[in-house]
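The values are calculated or read from the model by the stated rules, or taken from the named source; none is laboratory data. Keep in mind the model is a prediction, meaning the values are calculated, not measured. Cβ coordinates were reconstructed from backbone atoms using ideal geometry, including for glycine residues, and neighbour counts include every protein chain displayed.
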Amino acid sequence: MADNLPSEFDVVVIGTGLPESIIAAACSRSGQRVLHVDSRNYYGGNWASFSFSGLSSWIKENQQKTDISEESEDWRKLILETEEAICLNKKDKTIQNVEDVCYASQDLAEDVKEAGALPNLPDFEASETSEAAQESEKECLPVESQSLGTASCEISSERIIGNDPGSTTERKDAEMTSERENLCDVTSDQSPLETGKTETISTTEAAALEPKKITYTQIVKEGRRFNIDLVSKLLYSRGLLIDLLMKSNVSRYAEFKNVTRILTFQEERVEQVPCSRADVFNSKQLTMVEKRMLMKFLTFCLDYEQHPDAYQDYKEYKFSEYLKTQKLTAKLQHFILHSIAMVSAADSNTIEGLKATKNFLQCLGRYGNTPFLFPLYGQGEIPQCFCRMCAVFGGIYCLRHSVQCLVVDKESGRCKAIIDHFGQRINANYFVVEDSYLSEETCTDVCYRQISRAVLITDQSVLKTDSDQQISILIVPPMELGQPAVRIIELCSSTMTCMKNTYLVHFTSSSTKTAKEDLEPVVQKLFTLNAETERESKNGGLEKPRVLWAVYFNMRDSSGIDRNSYDHLPSNVYVCSGPDSALGNDYAVKQAETLFQEMFPNEEFCPSPPNPEDIIYDGDGTPPEDPRFSNSSNMKTEPLSEESSDENSYKISEEHHKE
Amino acid sequence: MMAIRELKVCLLGDTGVGKSSIVCRFVQDHFDHNISPTIGASFMTKTVPCGNELHKFLIWDTAGQERFHSLAPMYYRGSAAAVIVYDITKQDSFHTLKKWVKELKEHGPENIVMAIAGNKCDLSDLREVTMKDAKEYAESIGAIVVETSAKNAINIEELFQGISQQIPPLNPHENSNNGAIRLGKQTTQMSRPCC
């Protein structure tokens, strides 16, 4: 390490997930000296996103059962008589039951690697390529990389080709080669350019043409086009995260896409939910009577508080029961419950449902036809944006930097310092630690929930339209009572999260069993797992998209844990949780703000930045007139051009008179 | 009115080679001997004419995140060009240049324009890296290269002019921002050709 890390800070933040990153930015912004570390070699912790090769390495790492062998305890010498140590976790244990399955044909993928991927993780098994050998001479590369870059992308033994148990095979099994060659019409040698050409032809020409099959090799080669999020969330266009991004000006580091469709799954069919005024009127699925019913109900929801008599008697009812009492058909009830309010049929009461519906409606039309935004390159960008903000105000960043322990002064009971993996003692006044870094000892009394996740790479959208660039959210209600609903977000390639002609489909639910047990039944309802077979119903038009590749895993949900359930934590150690299972990001933002206010009650939380960073010197040297860089705290950030027109939203007029 | 194209440029190179000084000279025509490691400067902009377009450079600084090798992938997103800086008086900084280039190839956009700047050319008495070596290397990776001095304002304008010329002309059929939304921006006149 060329540079020495200072030993004195005001705040040490351990973990680079969203709440930690927001706190780091807020602290740095308010003048604190911040050290922000993560033991991993990528940003975001469980909020991270990965290229395909990066995710493959992440999968491998989480499938390894072995614990890290005990390291030397030399650092204990640094602890004084009057102090005690609280050890931190060596290995992340928040991810379980990781299982990846490849369904795409695997044409001799021996030496395929992601274009540009580097064998750059020094402590990862040495790769055998000569290139890697040369590199290792020069010691560790500047590994900002997210991709752990294994030179060859091996396929784990869990992977199964196809759905047919008879075809279960290992990767080096060459017997199937000839068969595979017959099956796949795209050879691995085809250049991306050529592929591009054929695509344009196939889209413009006969739609009856079978779309190109994507092979595993192509996925690996184009691996850097993927940005696969570990958590699947969206930003409510009037949610706390959007507000914070705009207020703090961190929004300048990211770009977004509006989610284009809300889908629903009813009677074994995927349909689009009309949610804006224009949608409702243009809908072909609804009768005239239904349109009026829906409009009337939604209009009521927008200011339901003004009409207490309309719901007073149903306060204690479930929202689903309440909907039955309204003049709504079964189809409309389904739309409202699952796709607009997105609340649980079993648990949510009338008020919760009305509130959720209102929130949805209020978020409509700010940027487009649905209430949601998705960050280009994935949700994993957002923590990085806040980290940049922190760095811009002087915060120091160290990835691959683990912390051995917190040092606690016995007398005062306060945490004084950390000792890092180099044995350096770093003093600070405040410590922010992400839950997964706390040891089992600290967390014996903590009871965690789990989130079930699946990520699929597929070849078509679950609901095909004229445009192949749709971003969709679909809630699949529980198939049996007591099971959780499954939230599906389908991303197209223009979100910069997957390669052309593929879709990235994220499944999320709270766990009842392993992720695969929870989610595979829903996957099978919507997709074909057997990529090898020809599509059967070519004329029917009801063919399901194929799954090319999938991964399942369970992630620990450490949200909502009472601080007192952590054992023996000093009062100046603040715990952040990992991602929760909700769709929005409000929990993380609230937590960050609350913890920041506890640490610094008199400081403003992420105020908009002052000069000098906003000084723009144009060619002639005159100061800027550009209002968006003005220093006023009363930010006028509403982007007019993105406001959609009247008929697309229920509510636009209130735009400019807030507070 | 000429069309304005916003071009994100990211800076790379070891700590202390003069990345911020180069931008400071280019944008503000100013040089500060005791420039503190990049605080509070997120990105700076400067607009220069190029043919019948105006190129508005949005120059992103590393904000010091390169110091402990912790640059975030978002730093490279959507960059039209990268300026990779070494110090001609430090052979080491030329060595690590190659690592930065690899890093860029891995995380940067595919068609990124690469410009290598051998900074501190005013200190040629202390030179450790020859121009020949730099040129050969730049050629091998298809980058442009100049020796610069942020201190004496040598070749700074030329560096960015060089980048401007390498930027491929705008394809009018291609919507370059792809319908992406920027929060808090008044207007999005991203690279829209005038006609």
Restrict the check to segment A:378-393 and report whether at least one residue is among the acidic types (Asp, Glu) and more than 14 Å from chain B (Cβ to nearest Cβ).
-> no
Does residue A:403 meet the test of being closer than 30 Å to residue A:51 by Cβ and away from every other protein chain (no Cβ under 14 Å)?
-> yes
Confirm whether residue B:89 is more than 7 Å from chain A (Cβ to nearest Cβ) and of a type in the set (Val, Ile, Thr).
-> yes
Hits in segment A:421-453 - residues which are β-branched (Val, Ile, Thr) and surrounded by fewer than 16 Cβ atoms within 10 Å (Cβ to Cβ) = A:444
Given (1) out of contact with any strand residue (DSSP E or B) (no Cβ under 9 Å at 6 or more places or on another chain); (2) surrounded by fewer than 22 Cβ atoms within 10 Å (Cβ to Cβ), where does residue A:341 come up short, assuming only one miss?
-> (2)
From the residues in segment A:214-244 that are assigned to a helix (DSSP H, G or I) and closer than 21 Å to residue A:369 by Cα, which one is nearest to the other protein chains (Cβ to nearest Cβ)?
-> A:242
Residue B:125 being more than 13 Å from every other protein chain (Cβ to nearest Cβ), part of a helix (DSSP H, G or I) and loosely packed, with under 15 Cβ neighbours inside 10 Å | yes
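Yes or no, residue by residue, for (1) without any contact (Cβ under 8 Å) to a residue 12 or more places away in the chain; (2) within 12 Å of chain A (Cβ to nearest Cβ); (3) closer than 26 Å to residue A:385 by Cα; (4) over 15 Å from the mean Cα position of the chain (by Cα):
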site	(1), (2), (3), (4)
B:13	no, yes, yes, no
B:53	no, no, no, yes
B:61	no, yes, yes, no
B:81	no, no, yes, no
Number of the condition not met by residue B:70 [criteria: (1) among the hydroxyl-bearing types (Ser, Thr, Tyr); (2) at the interface with another protein chain (Cβ under 9 Å from one of its Cβ atoms); (3) not in a loop (DSSP other than H, G, I, E, B)] | (3)
Between residues in segment A:560-581 that are under 16 Å from residue A:597 (Cα atoms) and residues that are among the polar types (S, T, N, Q), which pairs lie under 7 Å by C-beta distance while being six or more apart or on different chains?
-> A:572/A:429; A:576/A:591
The correct count of residues that are outside any helix (DSSP H, G or I) and among the acidic types (Asp, Glu) in segment B:128-144 is 1
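Here's the yes/no breakdown for (1) closer than 28 Å to residue A:465 by Cβ; (2) modelled with pLDDT of 95 or more; (3) not in a loop (DSSP other than H, G, I, E, B):
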residue: A:541; (1), (2), (3): yes, no, no
residue: A:544; (1), (2), (3): yes, no, no
residue: A:551; (1), (2), (3): yes, yes, yes
residue: A:575; (1), (2), (3): no, yes, yes
residue: A:591; (1), (2), (3): no, yes, yes
Every pair of residues 6+ apart whose Cβ atoms lie under 6 Å, when the first sits in segment A:77-88 and is closer than 11 Å to residue A:409 by Cα and basic (Lys, Arg) while the second is modelled with pLDDT of 90 or more and surrounded by fewer than 16 Cβ atoms within 10 Å (Cβ to Cβ) | none
Check A:272, A:285 and return the single one that is surrounded by fewer than 20 Cβ atoms within 10 Å (Cβ to Cβ) and more than 30 Å from residue B:78 (Cβ to Cβ).
-> A:285
State all residues of segment A:514-523 that are surrounded by fewer than 19 Cβ atoms within 10 Å (Cβ to Cβ) and closer than 20 Å to residue A:46 by Cα; if no residue qualifies, say none.
-> A:514
Output the residue which, of all residues in segment A:299-314 that are of a type outside the set (Asp, Glu) and out of contact with any helix residue (DSSP H, G or I) (no Cβ under 6 Å at 6 or more places or on another chain), is nearest to residue A:349 (Cα to Cα).
-> A:312
Taking segment A:255-283 and keeping only residues that are among the charged types (D, E, K, R) and not in a strand (DSSP E or B), one is left with A:255, A:267, A:268, A:277, A:279
In segment A:365-376, is there at least one residue being more than 14 Å from chain B (Cβ to nearest Cβ) and over 30 Å from residue B:64 (Cβ atoms)?
-> no
